[in-house]
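Please read the structure below before turning to the comments.
What follows is calculated from the coordinates using simple rules that are stated; it is not laboratory data. Bear in mind that the values here come from a model prediction, so they are computed numbers and not experimental data. So basically every Cβ, Gly included, is an ideal-geometry build from the backbone, and we count neighbours across all protein chains shown.
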There are 2 protein chains.
Amino acid sequence: MRVDTSPLRPLGRTRLYEDLVERLGEFVIRTNLEVGARFPPERELATRLGVSRASLRQALAVLEAQGFIEVRHGGGVFLRRSRGFGGVLHKLVERRARLPEVLEARELLEVRLAELAATRRSAPDLASMRSALAAMEADVDAGGLGVAGDSAFHHAVHRAGKNKVLEHVIDGLAEAIHETRLESLSEPNRPRASLEAHRRILDAIESTDSGRAAEAMRAHLRQVSDVALLRWEPPLASDDD
Amino acid sequence: MRVDTSPLRPLGRTRLYEDLVERLGEFVIRTNLEVGARFPPERELATRLGVSRASLRQALAVLEAQGFIEVRHGGGVFLRRSRGFGGVLHKLVERRARLPEVLEARELLEVRLAELAATRRSAPDLASMRSALAAMEADVDAGGLGVAGDSAFHHAVHRAGKNKVLEHVIDGLAEAIHETRLESLSEPNRPRASLEAHRRILDAIESTDSGRAAEAMRAHLRQVSDVALLRWEPPLASDDD
DNA sequence: AATGTGTCAGTGGACGGACCAATCTGCCGC
DNA sequence: GCGGCAGATTGGTCCGTCCACTGACACATT
């Protein structure tokens, strides 16, 4: 039983620590704090922001985990990078308006990963893909959409690409991608078509044919995002230079 | 003056909240917690983990910011996704051993973004690139390495690609990339060569020639990563299937 | 004078308890 | 059976306290 999670939040919801993250971001900008420079002490920050040290420390923990600051015990809080202070991928991704960008990013990453997978895949990787496909087929035969298998298959391909960085990035996009997948698979006959597309991808990867793998993946993704509403007109280049 | 940040950390240093993030990850795995399911109450978690609620809440804040959990006031803590629980990009990136993967990811993203930039760049984008290049040239003429201009130029290209998601991802890799850039530019004559490479990229983007932009960027990056030590032998595909 | 050493103020790390606010649950009266 | 109220649950925030690490300065030693 899925718990209804995101929608219909209380409205004015305000995570104090989230506000603090933003405030600290502003602080960096407005004081023109340089990379490597030190923040005021926690106690002072807390006082000036009018919050408790506990709340402030939640915000600092987030920023540190994000890599924006470094907190040195006994030393102080230091700025590590200012670009994109605040801002987390998953938040960026969860905006409906970003769908075209997400799809664009997805295609880029996933096609390349399929290409890499064709060259680097190990025996266990292939096994994962096959079993994911089998699960998907079983589910589809039973009248399901095969989402679990679909997801597992793509994940297996990602792993087979042997690049943790790219894999991590794609996983970050996973949520938004998952929505797309649902919309697509909900159309009649889609599950079947999708299954076939996956077979072609697997076949190419098995034959270590990276070019074919890339193309098969690209075709598959295009098919999926076609359904996913809005075709996107990229802003035209202006030649006013 | 850059503060020496990463190397030679105190050894046993241990961020309690970081450990907690991992522990919670283990908890999700071991109890096979499903997406949407609820965690035990904070107080109970804190007790069972043997830490204060304050520390636990730092960990929860990180996990929530990361999008792994959702915390509902008065409701409880819920699992949003389990894939890659814990694990943050910038941590992944900061491992020396990952350099090849980072470079691979960088090339993929940056080449594509250059390609997009050639089609989507606006007048202000071009202006940013030109001024970055000018700054770089001035610095190089003065005997500097031109790192600031270099960085600004790439950033301008990223922005011109008009895809916030990709831009965000690249910015996440920025730190590691920056190191690479330093190593590369430190070699004799490099700054000059790099400047030329950037000119070619800009020229292609100005002419809205996406193919040439992509190639110019690729060549530039290859040149840079050549210097960056270790050529990488990707793991060979095993044909034992 | 140069160097080593001890001390101490400053700063982050963690805790426990208290109280508020949103939510959930179940009982009670209609 | 249904609506609503009240108490229990659970997260949100704060405060004060104490510990641990760092860095700088004063002082002693050579």
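Data table
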quantity: Sum of side-chain charges, A:Asp141 neighbourhood, beta-carbon under 15 Å (Lys, Arg +1; Asp, Glu -1); calculated: -1
quantity: Neighbour net charge for A:Leu45 - beta-carbon separation under 12 angstrom, K R +1, D E -1; calculated: +4
quantity: Simple spin-label estimate for B:Glu44 and B:Arg200 in nanometres, 7 Å along Cα-Cβ; calculated: 6.3
quantity: Distance between the stretch B:19-53 and the stretch A:129-149 - C-alpha centres, whole angstrom; calculated: 31
quantity: Within 10 Å of each Cβ in B:52-60, the average number of Cβ atoms from other chains; calculated: 4
quantity: Average partner coverage of B:102-109, which counts Cβ from other chains inside 10 Å; calculated: 5
